[in-house]
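Data first, discussion second: the structure below is written as structure tokens.
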Amino acid sequence: MRSLRLFLLIVCFLLGAYGWFLGQIPTVVAEPQRQTDGIVVLTGGALRLDEAAILLADGRARRLLISGVSIDTKPEDIRERLPALDDDLFRCCVDLGYQARNTIGNAGETAAWARANGMKTLRVVTAAYHMPRTLVELRRVLPEVEVVPHPVFPERVFDSGTLPPVTAPLEFAKYVLALFRLRVATLDDETQGEGLPPPSEATNRPESLP
């Protein structure tokens, strides 16, 4: 009987957590007109690239990073897929990231790019169901930059705002792992901070006499 109760408790917890995760998936673009320093789009669908190109063409940011480009894809191939951008804007303001192979890699590539360009605000474009996990991964590696989510809604995934039965549970599992990584990173930072002397001690400590 005790084992059954424990099992039911775990099931209830997982169902509650799953329901909470579904509530994190955006259904609209919350700040479509807001200006940001940069835009990053995570490859994985033409709709994402089209939306990011339109945002850059409309002057919503000064630079665009396309993260996770295949190593076999040439810049001119990307250019052909972005009719919203003229040649000059593409050459001056679009950066292609070839290092990322997954969402963790996207976050690392984005963090390096944002810091190299001195960005304080960043709009991230990806599918709505992918947005919660993307935000967690970015928060882990880029806590100093404000991230503005800009979800897109691919028809093959969304049907009246819902997710297919396979996509949602898989994304939920990946989201939980992302939260775990964020928590571990936070604990590591706190541990390292505790090991440092207080600023007053570090700056006011008298120098040793010869």
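Coordinate-derived values only; no laboratory data. Just so you know, these numbers come straight off a predicted model, no measurement behind them. Here the Cβ positions follow ideal geometry from the backbone for every residue, glycine too, while neighbour counts run over all protein chains shown.
With +1 on the Cβ of every Lys and Arg and -1 on the Cβ of every Asp and Glu, and nothing else charged, how large is the dipole of the chain about its Cα centre, in debye rounded to the nearest 20? Walk me through the numbers on the way to the answer.
Working: 23 positive and 26 negative charges, 135 e Å.
Approximately 640 debye in magnitude.
Evaluate the range 1-123: find the radius of gyration of its Cα atoms, find its Kirkwood radius, and give the ratio Rg to Rh.
Details: Rg = 19.4 Å, Rh = 16.7 Å.
Ratio of gyration radius to Kirkwood radius: 1.17.
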>> Show me the helices of the chain, taken as full DSSP H stretches, that run 18 Å or more along their long axis by Cα and average 0.0 or above in Kyte-Doolittle hydropathy.
In response: 2-24, 167-194
>> What distance in nm separates the two pseudo spin-label positions at T167 and L15, each 7 Å out from Cα along the beta-carbon direction?
In response: 2.5 nm
>> Please list, short to long, the whole-number percent of alpha-carbon pairs of the chain in consecutive 5 angstrom bins beginning at zero.
In response: 1, 6, 13, 16, 16, 14, 10, 7, 6, 4, 3, 2, 1, 1, 0, 0
> How large are Rg and Dmax for the range 67-143 when only the alpha carbon atoms are used, in Å?
Replying inline: 13.3, 35
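Lys and Arg at +1, Asp and Glu at -1: add these up for the other residues within a Cβ distance under 12 Å of A53 and post the number. Present the calculation step by step, with values, prior to reporting the outcome.
Numbers: positive: R48, R60, R79, R81; negative: D50, E51, D58, E80, D86.
Summing Lys and Arg as +1 and Asp and Glu as -1 gives -1.
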> From a point 7 Å beyond the Cα of L22 in the direction of its Cβ, which residues of the range 115-132 have a backbone N at a distance under 15 Å?
Replying inline: 129
> How do 66-72, 38-44, 186-192 rank on mean C-beta neighbours within 10 Å, highest first?
Replying inline: 38-44, 66-72, 186-192
>> Over the chain, with a Gaussian network built from C-alpha contacts below 10 Å, which listed residue (E109, E144, E76) shows the highest mean-square fluctuation?
In response: E76
